[in-house]
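The structure under discussion appears below in the form of structure tokens.
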Amino acid sequence: MTAATSTTATGSLRERYAAALMPNYGTPPIALARGEGCVVWDVDGNSYLDLLGGIAVSALGHAHPALVAAVSEQAGRLAHISNLYLHEGQVALAERLLGLLGADGRVFFANSGTEANEAAVKLVRRMQGAGRPVFVAAEGGFHGRTMGSLSLTGKSSIREPFAPFGVDVRFVPYGDADALAAAIGPDCAGVFLEPCLGEGGVVPAPAGYLKAARAACDASGALLVLDEIQSGIGRTGAWFACQAEGILPDVITLAKGLGGGLPIGACIGIGAAGSGFSRGDHGSTFGGNPIACAAALAVLDTIERDGLLAHVAEVGAALSAGIAATGHPLVAGVRGSGLWLAIALTKPVAASVEAAARQAGFLVNAVQPDAIRLAPPLVLSDGQARSFTEALPGILTEAAALAGQVS
Ligand SMILES: *Cc1c(COP(=O)(O)O)cnc(C)c1O
């Protein structure tokens, strides 16, 4: 441990972080102390409008009374039981998810996105057997950081240092239906796709792409896995992004927004895929624990009770239009739907835009060198969205100056 030399609370925490934490994230720029709704405060008392929501996680914002009550009540009753016993919350949550999907199926609960995808990889393997060893996934896709999910992640800079994986993956360009169909042969067990690339920069699939994927899988007997870990649970203004495309996959994976900030993941097997695992095939000590399930039920209840799907569509459209209307030379366009948008930039200055936005009191994410991701809480108000679009021209001009200084 080194003695802190910084004069601010943020600075001294950053020094302690750098000395005690592994360097895999770098040292984050600010240290957050509390939040309320869509606003967070750092340890020096500065406030920020949170337009990232913990990467599309804090669906109800921070310290939402429904989430606080559900989690506190459950923690005071029964925090953990393992999966050797059952509890009503897990059953109720599985029933709710299947109901929202409008499909027959079964649910497995995990603790994170990557674990939900690991479950999906094993489920597909189990159902297809050794005769179909190949998985198909998209270049630019992201499915997680554990070895199975990472093997399917189409960003070579984060995947290749950790090869080999023991999973045979064929990568195809995202959005090209013909290339996808050509890659799905009789040796193919399953196809993993995001309905819209999230980490790839909020890049929606072209219209009809998911339908074509469904048809190609049906023609070859491959299983279609849709990774809705970022897109699911209201983010796009629908419960699930695939519902807007009018298709059902064989497997859907969820995490991020489902727990509203509590760690939970889900792997939903639809139809026959719901029964692909036999007793003993998979498990998780913490998966679907009572506190995480109570949080997820509170998230679903609140989205429903407060009409948040319609709200997301409305505020998201206004936010998107407001960004486009700035007409700033750094703005190439806006992508995405609902409260899941990317500001496409005309220059690779996203890191400077993120920094300038933070200086101006807004948390946004440089998801790609030339794209800024917005994934705010689903409760973002019209006024909060407007405060950002009004500040944006100034932020972009400041970012251009910052970028000029560093280059
Ligand atoms: C975030 C994300 C994951 C990984 O989730 P973790 O909880 O970080 O493991 C997987 N797939 C997609 C599409 C994601 O956005």
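Any residue that is open to solvent by 20 Å² or more (accessible area, probe 1.4 Å) and part of a strand (DSSP E or B) - is there at least one of those in the stretch 250-267?
Taking the stretch 250-267 first, the residues open to solvent by 20 Å² or more (accessible area, probe 1.4 Å) are 250, 256, 261-263.
Keeping just the survivors that are part of a strand (DSSP E or B) gives 262.
Yes, the stretch 250-267 contains a residue that is open to solvent by 20 Å² or more (accessible area, probe 1.4 Å) and part of a strand (DSSP E or B).
Going through the stretch 179-199 one residue at a time, which ones are part of a loop (DSSP other than H, G, I, E, B) and open to solvent by 20 Å² or more (accessible area, probe 1.4 Å)?
Across the stretch 179-199, the qualifying residues are 186, 187, 199.
Tell me, please, whether a residue that is in contact (Cβ under 8 Å) with a residue 24 or more places away in the chain and either hydroxyl-bearing (Ser, Thr, Tyr) or not in a helix (DSSP H, G or I) (or both) can be found in the stretch 309-323.
no
So for the stretch 201-216 (the condition being open to solvent by 20 Å² or more (accessible area, probe 1.4 Å) and farther than 28 Å from residue 257 by Cα), does at least one residue qualify?
yes
Farther than 16 Å from residue 263 by Cα and either surrounded by fewer than 17 Cβ atoms within 10 Å (Cβ to Cβ) or within 16 Å of the ligand (Cβ to nearest atom) (or both): which single residue out of 130, 110 fits that description? Full working, then the answer.
Values: 110 fails: farther than 16 Å from residue 263 by Cα.
When all the criteria are applied, what remains is 130.
Being more than 24 Å from residue 204 (Cβ to Cβ), assigned to a loop (DSSP other than H, G, I, E, B) and among the charged types (D, E, K, R), is that true of even one residue in the stretch 53-74?
no
If residue 100 passes every condition in (1) within 15 Å of the ligand (Cβ to nearest atom); (2) in a helix (DSSP H, G or I); (3) more than 20 Å from residue 282 (Cβ to Cβ) but one, which one does it miss?
Here residue 100 meets the rest and fails (1).
Report, by residue number, each residue of the stretch 210-235 that is in a helix (DSSP H, G or I), of a type in the set (A, V, I, L, M, F, W, C) and away from the ligand (no atom under 16 Å from the Cβ).
If the condition is that a residue be in a helix (DSSP H, G or I), of a type in the set (A, V, I, L, M, F, W, C) and away from the ligand (no atom under 16 Å from the Cβ), then 212, 215, 216, 217, 219 are the ones that fit.
How about the stretch 15-43: which of its residues are assigned to a loop (DSSP other than H, G, I, E, B), open to solvent by less than 70 Å² (accessible area, probe 1.4 Å) and on the phi < 0 side of the Ramachandran plot?
Passing the criteria: 27, 28, 29, 30, 31, 38, 43.
Looking for whichever is under 19 Å from residue 317 (Cα atoms) and either open to solvent by less than 40 Å² (accessible area, probe 1.4 Å) or assigned to a helix (DSSP H, G or I) (or both) here; the options are 352, 387. Which one fits?
Testing whether each residue is under 19 Å from residue 317 (Cα atoms) and either open to solvent by less than 40 Å² (accessible area, probe 1.4 Å) or assigned to a helix (DSSP H, G or I) (or both) leaves just 387.
Out of 115, 95, 88, report the one residue that is within 16 Å of the ligand (Cβ to nearest atom), open to solvent by 20 Å² or more (accessible area, probe 1.4 Å) and among the charged types (D, E, K, R).
Working: 95 fails: within 16 Å of the ligand (Cβ to nearest atom); 88 fails: within 16 Å of the ligand (Cβ to nearest atom).
Of 115, 95, 88, the one residue that is within 16 Å of the ligand (Cβ to nearest atom), open to solvent by 20 Å² or more (accessible area, probe 1.4 Å) and among the charged types (D, E, K, R) is 115.
Against the conditions (1) basic (Lys, Arg); (2) within 15 Å of the ligand (Cβ to nearest atom); (3) surrounded by fewer than 24 Cβ atoms within 10 Å (Cβ to Cβ), where does residue 279 fall short? Just the number, please.
(2)
Counting only residues that are hydrophobic (A, V, I, L, M, F, W, C) and more than 12 Å from the ligand (Cβ to nearest atom), which one in the stretch 236-261 is modelled with the lowest pLDDT?
Checking each candidate, the answer is 244.
Hey, could you check the stretch 156-178 for residues that are within 16 Å of the ligand (Cβ to nearest atom) and touching a strand residue (DSSP E or B) at 6+ places or on another chain (Cβ under 8 Å) and say which is most open to solvent (accessible area, probe 1.4 Å)?
Once the filter is applied, the top-ranked residue is 171.
The values are calculated or read from the model by the stated rules, or taken from the named source; none is laboratory data. What you are looking at is a predicted structure, and each value in this text was computed from that prediction instead of being measured. Every residue, glycine as well, gets a Cβ built from its backbone with ideal geometry; the counts of neighbours run over all protein chains shown. The accessibility values were calculated without ligands, DNA or RNA, using every heavy atom of the protein model including side chains. Shrake-Rupley method; radii C 1.70, N 1.55, O 1.52, S 1.80 Å.
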